[in-house]
Each structure stands twice: as structure tokens, then as C-alpha cells.
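Just below is one structure, and these are the notes that go with it.
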Amino acid sequence: MCSLATSGFINFMKMAIEQAIIARSAGEIPVGAVLLDPAGKVLAKSGNRTRELKDPSAHAEVLVIREACQVLGNERLSGCDLYVTLEPCAMCASLISASRIRRLYYGASDKKSGGVEHGACIFSHSQTHHRPEIYSGICEEEVVELMTSFFGKLRL
């Protein structure tokens, strides 16, 4: 279970985990995301939908950023916070930077495909125009279990 002291972080990550569980039940890789406006109101939430939409870019992060931009009528999400269950890949990290998200919160690291603290480390590049504040390890054990059980069943 989540062990972070601040319940607000946990509540939003729990929403992202719910989206990951929905994605898993649809046969998608179980990643979920929730995007909040500067006042803490949920603008968008989604899970991965790459298989459903037959779109390799339909990652949870991409979907919530697209929806939030439409809701706000702006391509910039300055002051907005993103909660995602798994460390974003390089594509999603680049989009997070381009959309100017204020803070990124994620549950588990992704040593194979991550783009924040592993792999491409997008926010460390000198060409990166915007670097969000990053908070990792929120509900990490729960997210790791979700991912491990999903991939474990695929390998049977």
C-alpha cells in the first residue's frame, strides 16, 4: 500500500492506479495518468489505449495532456501537475516538457523504457526547454505489483 505521508499525493496516484487497472482489463499495458489544473481540479484522466486506438502514441500521459489542452484551450499547461503510475518514456517526457507541466509525480521507475531517470533522461538534456519538478516513488509497491502481475501473466 501507499506509504507517502501526504494524502493528497496518494489520492491522485490512486486515481491514476484506477486508470491503470481499467487499461489492464482492456488488455493494455497498465499505466494510468491524472492531470490537475493549478487549483488541484482534475482536468483529465486516462489509461494507456494504444491497442484500442491502434495508435502507438496513445500512452496515458499523451491522452491526458491532449484532453487538458482542449479543456483549457491552450497548448501550455503551466501550473498543472501530472500523476502517472510509471516513469514516463522518452516520448512522454518530451511532451511533458513541451506542454510546460509544473510537476511530475510518478509511482514506479521504468529501468527498461523510462525517459526521466533512466534511458534518455530527457529533463537532463541541455536542449530541454522546460524541466518539471519531479517526485517519484509514490505508491511504488502497488504500481510494481500491478506491472509485475500483468507481465507475469503474459509470460505464462
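Here are a few things to note about the model shown:
- Within the set 85, 128, the sole residue that is open to solvent by less than 30 Å² (accessible area, probe 1.4 Å), out of contact with any Lys or Arg (no Cβ under 8 Å at 6 or more places or on another chain) and more than 21 Å from residue 24 (Cβ to Cβ) turns out to be 128.
- Residue in the range 58-74 that is in a loop (DSSP other than H, G, I, E, B), modelled with pLDDT of 95 or more, closer than 22 Å to residue 127 by Cβ and open to solvent by less than 70 Å² (accessible area, probe 1.4 Å) present: yes
- Test: residue in the range 124-138 that is at positive phi and in a loop (DSSP other than H, G, I, E, B): yes
- Contact map, the range 10-27: first residue more than 19 Å from residue 138 (Cα to Cα) and among the β-branched types (Val, Ile, Thr), second residue outside any helix (DSSP H, G or I) and open to solvent by less than 30 Å² (accessible area, probe 1.4 Å), Cβ cut-off under 6 Å, separation 6 or more or different chains; pairs are 22/47.
- Condition check for residue 121: modelled with pLDDT of 95 or more, on the phi > 0 side of the Ramachandran plot and surrounded by fewer than 19 Cβ atoms within 10 Å (Cβ to Cβ): yes
- If the condition is being closer than 16 Å to residue 21 by Cα and more than 15 Å from the chain's Cα centre (by Cα), then the range 99-141 contributes only 141.
- The single residue among 109, 99, 149 that is exposed (fewer than 15 other Cβ atoms within 10 Å of the Cβ) and among the hydroxyl-bearing types (Ser, Thr, Tyr) turns out to be 149.
The values are calculated or read from the model by the stated rules, or taken from the named source; none is laboratory data. The shown structure was predicted, so the numbers you read here are calculated from the model rather than taken from an experiment. Heads up, the Cβs are rebuilt from the backbone with ideal geometry, glycines too, and the neighbour counts pull from every protein chain shown. Heads up: the accessible areas ignore ligands, DNA and RNA and are worked out on the full protein's heavy atoms, side chains in. Shrake-Rupley method; radii C 1.70, N 1.55, O 1.52, S 1.80 Å.
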